[in-house]
Each structure stands twice: as C-alpha cells, then as structure tokens.
Amino acid sequence: MRRLIRKAVFSAVLLALCVALMGFGTARENATGADWVSNAMGGGGFLVAFFAVIHLVMTLHALRGMARLLGGHGKIAQWHVSATEWEKFRMADPTRTKTNPTFLRNILQLSPRTPREGVEIVIGEKGVLVGGDYHGLGGLKNLGWLNNANQPGRPPDCLEFLFATTRGKSGVVAHSTLRVPVPETAFAQAALVQRHFAPNAK
C-alpha cells in the first residue's frame, strides 16, 4: 500500500506544480503580453497536468480496490509464499517471460531481494494483491496454470492471469501477464480462483 500512496502523493504534487506553472504563465502573459515563454508554461503545464490527473485517478482507484480487498470484500482466496519458494519463483520468472515476451511479460514488479518473511497473496474478484503490489483485473481474458515440475530447482507452479487491452483509437491490442506463484500447500486455494475465473475468462 505504501507504494500506491507514494504514487498518489507524487501525482498530487505534480498536479499542484503544473497548476502553479500555468498560473505563472497566465500572470506573465497579463504583465508582458503573450510570448513563447508564457505559451510554453501554459501549454506544458496543461499537458503534464492532464496526464497527472489520469495517473492520480488510476492510483486512487487502485488504492480503493486494495483497501476493499484487504477488508475482505470480494476475496476469493489467500495464501502465503515462503521466502524459499518466492526466491525460486523470482529466479525462474525471467525464463518464462523469454519463451514469449509479447504475451508472457510479467507485470508484477519483482524486488531484487526476497523478503525474509515471504509474501502474502490475496486474490479478489476485481484485483490481486501480491505483497504490497495491487493489480486490477480489468481486461482479463484468460487464466492459465503453469506447471513447473520439470524446471531446474523446481520453482512453484503459477497462476497466469492473461490480459488483452486495446490502446486508444489505434485499436492496437496490448498483451500482458500477471504471474503469481502457488506453493503446493496453496493448491486448494488456487483451485477456488480457477473455478471463479475460468468460466468467465474470454
């Protein structure tokens, strides 16, 4: 949650700076007339402010979804991944991505260090919480199961949430994957997730 809060604060501060920049540009224009400096301040401030607003809204939406999931709303399953199992997953994940970078790039941000306490995973109807990372499930098209039994070091099997989202008016479809480890002790919990999403995945 701290990461999302930092993002929200950053977006809010950036938005405030942009508003101030546009204010300075307007003041300069009123005082000396329009020139390239005032135009750049106003135009640049407005453009950056536009994207800051979008980023802030998305971050606040994610914070709300995360808070609801932590409160138990729409929760489907939850399990713990030990530090040992998480390290195996972290080391094996790039190999999985390389098999098909277009479709299997993992959007999960993997820290270069494995937490000593392991990682808690919570799956909800509208989002997934992995440690402090929250990911919404908008654009989910399929849910797969990755069997790692034959991989070196025997990393844990994984659930793969496969996404396909259309970008803007161009109609270009972007593919991505959220891959989360499932230790053997969590197979029953993972089965709940499969039963919930598999019939609805498109």
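Listing for the model above:
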read-out	value
Selection count where residues are touching a residue at least 60 places away in the same chain (Cβ under 8 Å) and in contact with a strand residue (DSSP E or B) (Cβ under 6 Å, 6 or more places away or on another chain), scope region 67-84	7
Every residue from region 79-116 that is farther than 21 Å from Val193 by Cα, modelled with pLDDT of 90 or more and of a type in the set (A, V, I, L, M)	Ala83, Met91, Ala92
Selection within region 130-140 - among the aliphatic types (A, V, I, L, M) and assigned to a strand (DSSP E or B)	Val130, Leu140
Scope region 138-148; condition buried (at least 17 other Cβ atoms within 10 Å of the Cβ) and free of Cβ contacts under 8 Å to residues at least 60 places away in the same chain; matching residues	Leu143, Leu146, Asn148
Candidate set: region 104-127, residues that are aliphatic (A, V, I, L, M) and not in a helix (DSSP H, G or I); chosen: the one surrounded by the fewest Cβ atoms within 10 Å (Cβ to Cβ)	Ile107
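One line per residue, one yes/no per condition, for (1) farther than 25 Å from Leu70 by Cα; (2) in a strand (DSSP E or B); (3) modelled with pLDDT under 95:
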{"position": "Asn142", "(1), (2), (3)": "no, yes, yes"}
{"position": "Gln151", "(1), (2), (3)": "yes, no, yes"}
{"position": "Glu160", "(1), (2), (3)": "no, yes, no"}
{"position": "Thr166", "(1), (2), (3)": "yes, yes, yes"}
{"position": "Ala174", "(1), (2), (3)": "yes, yes, yes"}
{"position": "Pro181", "(1), (2), (3)": "no, yes, no"}
{"position": "Ala186", "(1), (2), (3)": "no, no, no"}
{"position": "Gln189", "(1), (2), (3)": "no, no, no"}
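The values are calculated or read from the model by the stated rules, or taken from the named source; none is laboratory data. These numbers come from a predicted model, not from an experiment. For neighbour counting, all protein chains shown are included, and Cβ atoms are generated from backbone atoms with ideal geometry for every residue, glycine included.
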